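Before any comments, here is the structure.
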Amino acid sequence: MATRAAAGVPQQNRGGAVAGKKGVPTDGNNRRALGDVSNLLNTRVVEGKPLPNRPVTRSFVAQLLGNAQAQAAATKKPVTLVADVVVAGKAKAAKQRAPAAPKPKPEVIEISPDTEDAKSKPEVVVTEIISKKSVKESKKSGKKVHTFTSVLTARSKVACGLSERPEEKIEDIDAGDSMDQLAVVEYVEDIYTYYKLAETSCKVHDYMGSQTEINEKMRAILADWLIEVHSKFELMPETLYLTQHIIDHYLSMQMVPRRELQLVGLSAMLIACKYEEIWAPEINDFICISDKAYSREQILGMETAMLNKLEWSLTVPTPYMFLVRFLKAALADKEMEDMVFFYAELGLMQYGMISYCPSMIAASAVYAARCTLNKSPCWNATLKRHTGFSEEQLMYDLFSHQVMDCAKLLALSHSMAEGSKLKVVYRKYSGSQHGEVALHPPAKKLIGEEPKPASA
């Protein structure tokens, strides 16, 4: 108040008039006298009439109630007594004297599982009431208690496709070769990482539409004949796969007449032998094997033309490079190894396989062989780790619905091998030298029908 007076702010009188600058009272109709602020909060109303402002005591409330009851008895009207504020101390004491309300016990709600009945009639079932004491007892007894949180957590994992199964162990396939310098265990992972990157740039595109005189059947006949020549010369497996790659790569860049298609095959095998073999066959051997259909000059001329067209680029990842690694990851025995190479050589004859990268062809051959031999599981974490493909990628085509997936194409080739006119691969792997793996019935899981039993 002293501060307001010093600042020259007019002060109010109790009567409601306000003093002006020279002490002349002014009209105070628009102003109200400042009363006892503390008593404004204790205003009571009885029968619609305000009560005098005074502190609320227990005796005063009793007096008000008695007066109201007497008046009500005389006028026969109900008593209306409104008290909006209770003394804090009295309310606190009353609260302390009031008995504590019992706390509700927690209820555990269990959501019914996704069974057929639950799907038809979704409902929430209250199973039991579990207290802290029962949880402690269950921990002592060792019994599992299904709480509301655990049930919801478990159902959320199932809905998201998660499970509590332990992760499948990945085998260290290079542990046994740690002392073998030729196995280059320190660099093998980097080598196959490079192969994976290089196979995309070396992939052959679809070329049959640009060839006017040759077709897919002629290519299959040439591949069947070259596999037989490869067996008679007892060449390395790498030579066969590199030969087929050179043929496809050259045909994708150059139109070839029908009469020169066999010459392209002979020259491609000659180049592959010089690249892979220690003792490569001579040109005269190829002339004799082709029944002198071409001369020495023709073979050498085609060899020069092919190398120039390919720009001498022969270091490419073929399916065989991946087959060796994937067989090691599959911990394959002799029967599994023969079955995988049987599928891989069947793939060499199929023109549709050029749409797949070499690593996919190799992984599909391993997968088809495991399905044919009823290996369980057909695919595991170790194979997925080293091949880079999951089982879904091998079984279903993820890029085009018009192209058949690689593993199924190999399985269908197996199912038709016995009745086909091109039987070199089938006869080769029906012999005892390769465990007669071609006589196994094709994988029903891949071809989707009951396979016909193969006869010897």
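The values are calculated or read from the model by the stated rules, or taken from the named source; none is laboratory data. Just so it is clear, the model here is predicted, and its values are computed rather than measured. As a convention, Cβ positions derive from the backbone with ideal geometry for all residues, glycine included, and neighbour counts pool all protein chains shown. With ligands, DNA and RNA removed, areas are computed over all heavy atoms of the protein, side chains included. Shrake-Rupley method; radii C 1.70, N 1.55, O 1.52, S 1.80 Å.
Whole number in Å², please: accessible area per residue of region 209-335, 1.4 Å probe, ligands, DNA and RNA not counted.
Value returned for region 209-335: 49 Å² of accessible area per residue.
Diagonalise the Cα gyration tensor of region 295-374 and give the resulting equivalent ellipsoid semi-axes, square root of 5 times each eigenvalue, largest first, whole Å. If you can, show how the numbers build up before the last one.
On the way: eigenvalues 204, 34, 29 Å².
Computed over region 295-374, the values are 32, 13, 12 Å.
Place the peptides 437-446, 361-370 in order of packing, highest mean first, counting for every residue the other Cβ atoms within 10 Å and averaging per peptide.
361-370, 437-446
Mind ordering 428-436, 316-324 by average Cβ neighbours within 10 Å, highest first?
The densest-packed peptide leads the list: 316-324, 428-436.
Each label point is 7 Å from the Cα along the Cα-to-Cβ direction; what then is the distance between the points at M236 and Q181, in nm?
1.9 nm
Calculate the dipole size of region 154-227 relative to its Cα centre from +1 charges on Lys and Arg beta carbons and -1 charges on Asp and Glu beta carbons; express the result in debye to the nearest 20.
On the way: 8 positive and 16 negative charges, 124 e Å.
So the magnitude is around 600 debye.
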